[in-house]
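> Sharing a structure below in structure tokens format, with a few things to ask.
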Amino acid sequence: MSVLRILLISLMLWPLCGPAMARALTEDGSVTLSGFGTLGLLHNSTDEAEFIRDIGQPKGADEGWSARTDSLLGLQMGARLNDELDVVVQGISRYHDTGNFRPELSWAFLRYTPSPAVVLRAGRLGWDVYQLSDSRYVGYAYPWVRPPVDQFGSLQLSHIDGADVTFKHPIGSDMIRLKLYAGRSDSTIFLTDDLEADFDVDKVYGGHLDYETGPWRFRLGYTEVDADIHYAGAPADLIRQYLRIDPDPFFNDMLGIDNLKLYSLGLTYDSGPYQWQAMVNRSHTVGDSDVDSGFVSFGYRVGQWLPFAMFSIVDTSTPGGEDQNAFGQRTYSLGARYDVTPGIALKAQVDRIHVDQPGFLWRNQDQDWGDSWATMFSLGLDFVF
Amino acid sequence: MNRVRASLFVLLLATALPASADIAVVVNKDSGISHVSRSDAINIFMGRYRKLPNGHLALPIDLTPLKARFYRALVNKDLATVNSYWARLVFSGEASPPQQLKNEAEVLELISNNANTLGYMDSAHVTSDVHVVLILGE
């Protein structure tokens, strides 16, 4: 797959685009097909570093225009077995850790809804670690071209193989939800252009409490990730060759990312034309570092237009020491979404990013790049069917 | 003169008032459900909590030609916002949207075959085959 192929398939799917999001494939409507996609075009103003959407992308967007960073296509099939049981399978093609657009199975689960108050799912599930995290590739679902990189760019996993259970309890017209999940997973992230970390996650578990009242929705979440990490690439080879030691424990000592505890607090306010969203997170590593991130976004719908402004930030801290693996930056974004038809949205966005330390949120950066500004201009066309 | 005034008044009323009909939320007439509150209807159609007042799992149906008016009346949101909301729920695997039907005949048929379905239609088109549980004024 390539951006070109995504473009061609999107053009073929064009007549389907619309609000249905569950096209019946069988007469009784028990088997449905739906999909989502983004054609994204990004302009990077700096020649000092390449922009990435997340740390799973091995190469970034160089100075000038790129369609690789944000373009993607997802397809979902659903089959309803009876009123209580259904199956969902979803695949996605995007530029990710394989260095190309090779399609990946994002979800494949059996869902059991024995009562309105309980939902059980088992199989491959979205990693619901933060508000929005399991729909972060569904551009049509949010105002921006992409969710804030400062917040979502350093997420390690996209899915887990396991099970989850959701309990819902209405209190008057309010709603309280508790979700618990556990499973295992694997993923590859890129720390630099030539050092990758293959996460073999033998344990990932967590949960969140969600409270919805009127236009407000609060969420408190906790997740722990325990991984065996295998490091590959030139730096790992050098360590093996010259120091004659296993690079895996060496990097684990240095980075301490083989065990992570993620705390999150999310808040949305959605009433009439107003759309507020805010989130703060702390990821605590076994190496005793903290990665703190957060964002606040405000949108106001005027007919088909949804102008928005967003601020996001990420910062790392290690108690009592300089950390050469630290990264930190803040982003000021302005943009607008225009809903062409129900099912198709156009977006434009400008990000002014102040990079204190690029760390692994950028690629191929100049040796002394830091304490600098970079400007990204993005265009997006999002669709669902 | 009075008659002229009276007929003018009637004419005025006729043009000012009844142009848009209400939307009726309807269920199977043998379901035993007499009334569904507005917040229950929001929970059911927005996929938050699909429970009928009789305790059964609710199966909502969308009538596509009436959808924009229905969601404007129910949650005061336009179709683009409702679709964007559903895109998040559908593609995160959290919930499935209501089944989409194209005309009232299909809605009536499905409701008469399944006691757990909840649909809506123009209140002017309600027949004795279904029972009205909620009226949404526009």
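> Please go through (1) within 11 Å of another protein chain (Cβ to nearest Cβ); (2) at pLDDT 90 or above; (3) surrounded by fewer than 16 Cβ atoms within 10 Å (Cβ to Cβ) for B:HIS35 and return the number of the only condition it doesn't satisfy.
With (1) within 11 Å of another protein chain (Cβ to nearest Cβ); (2) at pLDDT 90 or above; (3) surrounded by fewer than 16 Cβ atoms within 10 Å (Cβ to Cβ) applied to B:HIS35, the lone miss is (1).
> Still on this model: Would you call A:VAL302 without any contact (Cβ under 8 Å) to a residue 40 or more places away in the chain, touching an Asp or Glu at 6+ places or on another chain (Cβ under 8 Å) and among the hydrophobic types (A, V, I, L, M, F, W, C)?
No: the conditions fail for A:VAL302.
> I'd like the full set of residues that are hydroxyl-bearing (Ser, Thr, Tyr), part of a strand (DSSP E or B) and over 20 Å from A:GLU212 (Cβ atoms), limited to segment A:247-301.
Within segment A:247-301, A:TYR263, A:SER283, A:THR285, A:SER293, A:TYR300 qualify.
> Out of (1) surrounded by 15 or more Cβ atoms within 10 Å (Cβ to Cβ); (2) within 22 Å of A:ALA122 (Cα to Cα), what's the single condition that is false for A:GLU224?
(1)
> Can you go through A:PRO235, A:PRO249 and tell me which one is crowded, with 16+ Cβ neighbours inside 10 Å, farther than 24 Å from A:ASP128 by Cα and more than 20 Å from the chain's Cα centre (by Cα)?
Only one candidate passes the filter, namely A:PRO235.
> Regarding B:LEU118, is this residue over 30 Å from A:ARG136 (Cβ atoms) and crowded, with 20+ Cβ neighbours inside 10 Å?
Yes.
> Suppose we filter A:ASP315, A:ASP290, A:ASP366 for residues that are more than 14 Å from chain B (Cβ to nearest Cβ) and over 22 Å from the mean Cα position of the chain (by Cα); which single one remains?
Checking each option against the conditions leaves just A:ASP366.
> Here's another thing I want to ask about it. Only one of A:TYR269, A:TYR300, A:TYR263, A:TYR242 is surrounded by fewer than 14 Cβ atoms within 10 Å (Cβ to Cβ), modelled with pLDDT of 90 or more and aromatic (Phe, Trp, Tyr); which?
A:TYR242
> Looking only at segment A:121-151, count every residue that is facing chain B (nearest Cβ under 10 Å), under 10 Å from the mean Cα position of the chain (by Cα), in a loop (DSSP other than H, G, I, E, B) and of a type in the set (Ser, Thr, Tyr) and tell me the total.
1
> Conditions: (1) more than 8 Å from every other protein chain (Cβ to nearest Cβ); (2) buried (at least 16 other Cβ atoms within 10 Å of the Cβ); (3) of a type in the set (Gly, Ala, Ser). B:ALA80 meets all but one. Number of the miss?
Unmet condition: (1).
> For segment B:19-31, which residues satisfy the criterion of being modelled with pLDDT under 90 and surrounded by 10 or more Cβ atoms within 10 Å (Cβ to Cβ)?
Hits for segment B:19-31 are B:SER20, B:ALA21, B:SER31.
> Pick from segment A:85-117 the residues that are in contact with a strand residue (DSSP E or B) (Cβ under 6 Å, 6 or more places away or on another chain) and within 21 Å of A:MET175 (Cβ to Cβ): which of them is surrounded by the most Cβ atoms within 10 Å (Cβ to Cβ)?
A:ARG111
Table: residues versus (1) of a type in the set (Phe, Trp, Tyr); (2) under 19 Å from A:TRP144 (Cα atoms); (3) part of a strand (DSSP E or B); (4) touching a Cys at 6+ places or on another chain (Cβ under 6 Å).
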| site | (1), (2), (3), (4) |
| --- | --- |
| A:SER333 | no, yes, yes, no |
| A:ALA345 | no, yes, yes, no |
| A:ASP351 | no, yes, yes, no |
| A:PHE360 | yes, no, no, no |
| A:PHE377 | yes, yes, yes, no |
| A:PHE383 | yes, yes, yes, yes |
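> Give me the residue from segment B:86-114 that is within 11 Å of another protein chain (Cβ to nearest Cβ) and aliphatic (A, V, I, L, M) and, out of that set, farthest from A:HIS159 (Cα to Cα).
Per the criteria, the residue is B:LEU110.
The values are calculated or read from the model by the stated rules, or taken from the named source; none is laboratory data. In this text the structure is predicted, and so the values were computed from the model without any measurement. In this analysis, Cβ positions are derived from the backbone assuming ideal geometry, glycine residues included, and neighbour counts consider all displayed protein chains.
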